[in-house]
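Only the coordinates and a few stated rules stand behind these numbers; no lab work does. Keep in mind that this is a model prediction, so the values were computed, not measured. Heads up, the Cβs are rebuilt from the backbone with ideal geometry, glycines too, and the neighbour counts pull from every protein chain shown.
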Amino acid sequence: MKRALITAEFDQQAIRQLETMGFSVELAGWGQTRRVLGESELADLVSGVSLLVVEVEQVTRGVIAAAGDLEIIATCRAGPVNVDMAAATAAGISVLCTPGRNADSVADFVIGLFLALGRNIWQADNHLRRHGWHVGADIPYFHFRGPELAHATLGLVGCGAIGRFVAQRARGLGMDVLGYDPFLCQQDVGEAIRLCHLPEVLEQADFLSLHVPLSEGTRSMIGGPELARMKPTSYLINTARAAVVEEEALFALLEERKIAGAALDVFWEEPLPDGSPWLRLDNVLLTPHIAGAADHVKVHHSAMVIEDVRTLLAGGQPARRVNDPDIDPGIG
């Protein structure tokens with residue numbers, strides 16, 4: 001019987017499916033204890049393991065060298081950012097990942113931010129808890145207004161899986177959706193999104209939502225000149241990567257109230273330090289990098305891993321293998 005070691009959060013039904021495929025399943029690490037295994041700890045556990053499923057642990061060259069029987073590494077991440085790909089490929093190990101595992105989770109969260117931010121739900125809650133019902137001598141009706149989503153314009157920067165899921169939800173709420181993505185054409189996104197050049201998206205958006213990976217091409221792509229194109233009534237939402245935006249430019253824009261507000265789930269330094277200037281802006285909704293933290297995410301990535309492992313066992317080409325497809329994984 002082959003051994004499988006799982007250090008990721010993993011669905012119980014998926015574990016049973018691995019067992020029916022002939023794996024003896026062992027659980028350890030972050031997914032079980034919330035403590036990340038170090039290199040030496042993981043290396044001590046992988047000897048004799050055929051399938052390794054990770055999420056947070058780093059699969060280094062040393063770990064791979066310690067695992068003489070390893071045939072498959074599955075990382076429950078969008079890409080193999082925690083796997084030494086060169087070492088895995090050289091060892092003839094198939095590497096799987098789980099792109100889009102949290103796309104629904106992030107899309108739901110983004111829509112929640114539109115409502116919480118635009119309709120001042122978070123500010124109304126905070127005021128009621130701290131100060132009571134009235135705002136001075138006024139009833140709250142006059143102080144926590146905001147735009148309806150119907151007929152508002154959503155601008156997407158990045159129209160991959162998450163961007164498209166956000167667009168579907170936004171269209172259901174009656175929003176018009178514009179998108180910028182230089183790697184896609186209109187046919188790729190269908191009717192839910194109208195692709196435009198970035199300046200038009202920035203200028204038209206009532207809600208600007210960022211959904212691009214961090215790369216040399218996207219780092220600081222939303223800087224001072226881009227932010228200056230936004231309407232004074234618009235909101236910026238970032239659940240992607242903080243470094244896509246120039247921090248100083250965005251902070252100044254919000255501090256001077258040149259846009260209505262922002263919602264940030266990602267930061268230039270994480271965890272956000274005590275005393276961060278971001279904590280004093282009252283037109284910014286802050287959350288601690290939780291957009292992808294829905295309960296069902298582990299179900300999604302578990303199902304992807306099971307599907308691709310089953311395909312490998314049958315001698316096929318799995319949809320989410322990220323290294324050389326000509327490698328013989330040696331699975332019989």
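For THR239, are the conditions met, namely being surrounded by fewer than 20 Cβ atoms within 10 Å (Cβ to Cβ), under 20 Å from CYS76 (Cβ atoms) and polar (S, T, N, Q)? Reasoning before the result, please.
On the way: surrounded by fewer than 20 Cβ atoms within 10 Å (Cβ to Cβ): no; under 20 Å from CYS76 (Cβ atoms): yes; polar (S, T, N, Q): yes.
It is false that THR239 is surrounded by fewer than 20 Cβ atoms within 10 Å (Cβ to Cβ), under 20 Å from CYS76 (Cβ atoms) and polar (S, T, N, Q).
Screening the candidates GLN168, GLN204 for the property of being closer than 22 Å to GLY118 by Cβ, within 21 Å of the chain's Cα centre (by Cα) and surrounded by fewer than 21 Cβ atoms within 10 Å (Cβ to Cβ) yields one hit, GLN168.
Can you name the residue in segment 110-135 that is of a type outside the set (A, V, I, L, M) and touching a Gly at 6+ places or on another chain (Cβ under 8 Å) and, of all such residues, is surrounded by the fewest Cβ atoms within 10 Å (Cβ to Cβ)?
Applying the first criterion (of a type outside the set (A, V, I, L, M)) to segment 110-135 yields 112, 114, 118-120, 122-123, 125-127, 129-134.
Filter once more, keeping what is touching a Gly at 6+ places or on another chain (Cβ under 8 Å): 118-120.
Numbers: GLY118: 23, ARG119: 16, ASN120: 20.
My answer is ARG119.
To keep it simple, each residue is scored yes or no on (1) without any contact (Cβ under 8 Å) to a residue 12 or more places away in the chain; (2) among the small types (Gly, Ala, Ser); (3) closer than 30 Å to PHE10 by Cα; (4) not in a helix (DSSP H, G or I).
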| residue | (1), (2), (3), (4) |
| --- | --- |
| GLY100 | no, yes, yes, yes |
| SER105 | no, yes, yes, no |
| PHE109 | no, no, yes, no |
| GLY112 | yes, yes, yes, no |
| LEU115 | no, no, no, no |
| GLN123 | no, no, no, no |
| ASN126 | yes, no, no, no |
| ARG129 | yes, no, no, no |
| TYR141 | yes, no, no, no |
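Does PRO147 satisfy the criteria of being surrounded by 11 or more Cβ atoms within 10 Å (Cβ to Cβ) and part of a loop (DSSP other than H, G, I, E, B)? Here the answer is yes, as PRO147 does meet what is asked.
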